[in-house]
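No value in this document is a laboratory result; all are computed from the given coordinates. Every value quoted in this text rests on a predicted model; they were computed, and no experiment measured them. Reconstructed Cβ throughout: ideal geometry from the backbone, glycine too, with neighbour counts over all protein chains shown.
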Amino acid sequence: MKTVEENKKKYVKSNMSQITKKPPPVWDSLFQAFEPITPGLSRSYDKLLQLFTMLNKQKDLFNTILSNMKDMIFIMDKENKIMYMNKAASDEYGESLGKNCYRVICNQEMLCQQNGMENVFKGQAVQLERTIKGKVYDSLVAPFVYGDKDLYKMEVLRDITGRKQLQNELEKLSITDKLTGMYNRRYFDDVLEKEVVRTRRLRHDLSLLFIDIDKFKHFNDIYGHAMGDKVLQYLANLIQTHIRKGIDVPCRYGGEEFTIILPETSNGRALIVANRILKGFRNMKLRIPRKNEAIKKTISIGIAGISQQSNLSIKSLLVHADKAMYKAKKLGGNRICG
């Protein structure tokens, strides 16, 4: 009886002989057929590997760029559900994938139907300013197709709050008189035109006051421009105390001349306002330094207006107010004419 060891040796010898046998002729034919294209396949594989590596690097770069952008980026499907948010958007709103964009971004219960937002999925890009949570954003919303036919929209929100504040400050400076803090001639011309149009449309009254400091050049020559500036500032502050905030429009027209636009005000009511300013300035409490001398100055005021019955043009309104003011000055000042 053969031992187990002998059976092992016989099994190994038999299998080794099979391995060392030549491959059948068909394999030779296959090797010969593929041999010419083997280098090409190898090169194609190398190129595919390089392309795959490059695409991965570009994907990583793209993701890095999106993650480091300060602009918030959202991608929404046709149901307005958020499919993608970059890091800036997630930091501001938290992870909100799958939620309706209008609930997340605007805290609304329905899609904004103004400024063309409803037309984005019809192929129209929309750019507008949006105020969200007290901040001002420049918003660009555009549609795009992904895949064969899936339609999405992307919204990019850029925080322009600081820029908007600076813009508003510059705009305010451009319409404000530096010395008195009142509106300037440029703003006066613009507002008067709009108020006259509104007055005619609504059939209301409108009054205009022209105010000039009597003998102001002589005062400047004696006491200097620094004291003259204080007098101008005093009159500006006095005017502010006797008008309706947010309704009446006081302006420094130029030099020592001031104007007040009084919307929805009859000439009778304008006369009451003018008298208060006239008396307040006459009782001015300013003293000349070192001399301890009280400043005594007066003003002349002209009144003109548009009533429901009149049809004065803007030019005629200005001429009437100006002539009334100069009439008051010719009569000795410290008075009101209309």
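Overview of results
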item	result
Calculated FRET value between residue 73 and residue 132, using beta carbons and R₀ = 22 Å, to 0.05	0.90
For region 177-337, Kirkwood radius (reciprocal of mean inverse C-alpha pair distance, Å)	16.0 Å
Pairwise FRET efficiency - residue 54 versus residue 102, Cβ, R0 = 45 Å, nearest 0.05	0.70
Residue-wise HN-Hα coupling along region 191-200, computed from phi with Karplus coefficients 6.51, -1.76, 1.60 (Hz; x: Gly, Pro)	5, 4, 4, 5, 5, 5, 4, 5, 4, 5
Set of aspartates and glutamates with alpha-carbon distance to residue 285 below 18 Å, sequence-local pairs under 8 removed	214, 229, 293
Between region 134-185 and region 263-338, the alpha-carbon center distance in angstrom	41 Å
Spacing of the two label points (7 Å from each Cα toward its C-beta) at residue 298 and residue 121, in nm	7.5 nm
Residue-span extension gain [residue 160 to residue 323] - 0.36 nm each, minus C-alpha spacing	53.9 nm
Estimated distance in nm for a label pair at residue 63 and residue 233, the labels positioned 7 Å out from Cα along Cα-to-Cβ	6.2 nm
Total lysine pairs whose alpha carbons fall under 13 Å of each other in region 67-163 (8 or more apart, or interchain)	8
Phi to ³J(HN,Hα) by Karplus 6.51 cos²θ - 1.76 cosθ + 1.60 over region 166-178, Hz, x for Gly, Pro	5, 4, 5, 5, 5, 5, 5, 4, 6, 10, 10, 6, 5
Potential extension, residue 83-residue 291 segment - 0.36 nm per residue separation minus Cα distance	67.2 nm
Calculated FRET efficiency for the pair residue 151/residue 175, C-beta based, R₀ 41 Å, to 0.05	0.35
Amide H contacts of residue 205 (H built 1.01 Å from N, under 5 Å, at least 5 apart or other chain)	264, 265
Relative contact order (%) - region 177-337, alpha-carbon pairs under 8 angstrom, separation at least six	30 percent
Residues with amide H under 5 Å from that of residue 288, placed H, sequence gap 5 or more	293, 294, 295
Karplus 3J(HN,Hα) series, Hz, for region 84-92 with 6.51 cos²θ - 1.76 cosθ + 1.60 (x for Gly, Pro)	8, 9, 7, 4, 4, 5, 5, 5, 7
